[in-house]
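Input: a single structure, listed below in structure tokens.
The values are calculated or read from the model by the stated rules, or taken from the named source; none is laboratory data. Being a predicted model, the structure only gives us computed values, none of them experimental. Methodologically, a virtual Cβ is constructed for each residue, glycine included, from the backbone with ideal geometry; neighbour enumeration extends over all protein chains shown. We work out accessible area using only protein heavy atoms, side chains counted, and drop any ligands, DNA or RNA first. Shrake-Rupley method; radii C 1.70, N 1.55, O 1.52, S 1.80 Å.
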Amino acid sequence: MDQITEQDSPTASPVMRAAAFSVHVFTALGAGLALLALLEAVREHWAAMFAWLGVALVVDALDGPMARRLDVVRLQPNWSGDVLDLVVDFVTYVFVPAFAITASGLLLPVAAPLLGAGIAVTGALYFADRRMKAADNHFRGFPGLWNIAAFYLFLLHPAPVTASLAVLVLIVLTFVPFHVVHPIRVIRLRWLTLSLMAVWAVLAVVVLARDFDVATPITAALCAIAAYVVASDAAIRLLRSVKA
């Protein structure tokens, strides 16, 4: 089949095509947000860094529905939204957090550069893996959410040995085929997942507003939500196997 071009859509008006292209621009804004986050990380303004990464998360959540609504694939076939999304996701989910984890002093000094490089390399491989999502839209393996992993490292502030081991475990889990809930696309218990994500977002804002100086109940709630995302599929499968 010949490649589709914009001229193959005679019914598309210039306004419709411009609106479709604006979605690509919106997605690409994530790269600019990543730069702003990196600048804050260089200054060791960690809460500000996570705030910019949080805005990038919002952009990433919105651009997909916008693209489908405005029929971007048909109206702008010469621009790959999938490639653009992966490029932006890599810098916001992996690269900037890898720098923060490496440069923050949270890890053992001798291990930090190696683990930071490990995050970048395995994160790049993960985003290139065509099997990153299972048939039911769960992520396979640790899904390269190093922005979230970094957030919890800054929140919990474990000893350098513990933090280094945790990062190493997550690097290994990138290639272990367990399932992690996609907060939007997994249909099972979606109402519960979305409700917990809303609570998580509110609590995360509180954490950043207080520069990670929060009471134990907030930390416990954030950890419980993380446990749900990581372990809920395994728990449900185990219960089903027991009942069977």
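Values computed for the structure shown
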{"read-out": "Relative contact order [Cα under 8 Å, 6+ residues apart], segment 119-187, whole percent", "value": "47"}
{"read-out": "Residue (of 29, 79, 57) at the positive-pole extreme of segment 19-154, dipole from beta-carbon charges", "value": "79"}
{"read-out": "Calculated P(r) tail over 22 Å for the chain, as whole % of Cα pairs", "value": "59"}
{"read-out": "Relative contact order for the chain, counting Cα pairs under 8 Å that sit 6 or more residues apart, in percent", "value": "18"}
{"read-out": "Gain upon complete extension [residue 47, residue 173; 0.36 nm per residue less C-alpha separation]", "value": "42.7 nm"}
{"read-out": "Per residue, in Å², the accessible surface of the chain once ligands and nucleic acids are set aside, probe 1.4 Å", "value": "55"}
{"read-out": "With every protein chain in place, the chain: carbon and sulfur % of accessible area (1.4 Å)", "value": "71"}
{"read-out": "The chain, helix-only ellipticity at 222 nm - DSSP H runs n ≥ 4, -39,500 (n - 2.57), divided by all residues, nearest 500", "value": "-22500 deg cm²/dmol"}
{"read-out": "Residue 192 paired with residue 15, simple spin-label distance in nm, labels 7 Å along Cα-to-beta-carbon", "value": "4.6"}
{"read-out": "Ratio Rg/Rh, restricted to segment 155-204 and using Cα atoms, in which Rh is the Kirkwood radius", "value": "1.10"}
{"read-out": "Value of relative contact order over segment 67-135, rounded to a whole percent, pairs C-alpha under 8 Å and six or more apart", "value": "27"}
{"read-out": "Solvent-accessible surface ranking, highest first, for 16, 132 at 1.4 angstrom", "value": "16, 132"}
{"read-out": "Mean Kyte hydropathy of -1.0 or more with a Cα span along the axis of at least 30 Å, helices from DSSP in the chain", "value": "14-42, 46-69, 216-243"}
{"read-out": "Along the chain, longest interval not containing exposed trypsin sites (Lys or Arg not before Pro), exposed being DSSP loop plus at most 10 other Cβ atoms within 10 Å", "value": "132-244"}
{"read-out": "Radius of gyration and maximum dimension Dmax of segment 93-233, Cα, Å", "value": "15.2, 44"}
{"read-out": "Amide H partners (placed H, <5 Å) of residue 133, local residues excluded", "value": "140"}
{"read-out": "Most mobile listed residue (100, 120, 111) in the chain, GNM with C-alpha springs under 10 Å", "value": "111"}
{"read-out": "Cβ charges +1 (Lys, Arg) and -1 (Asp, Glu), total dipole of segment 59-134, debye", "value": "180"}
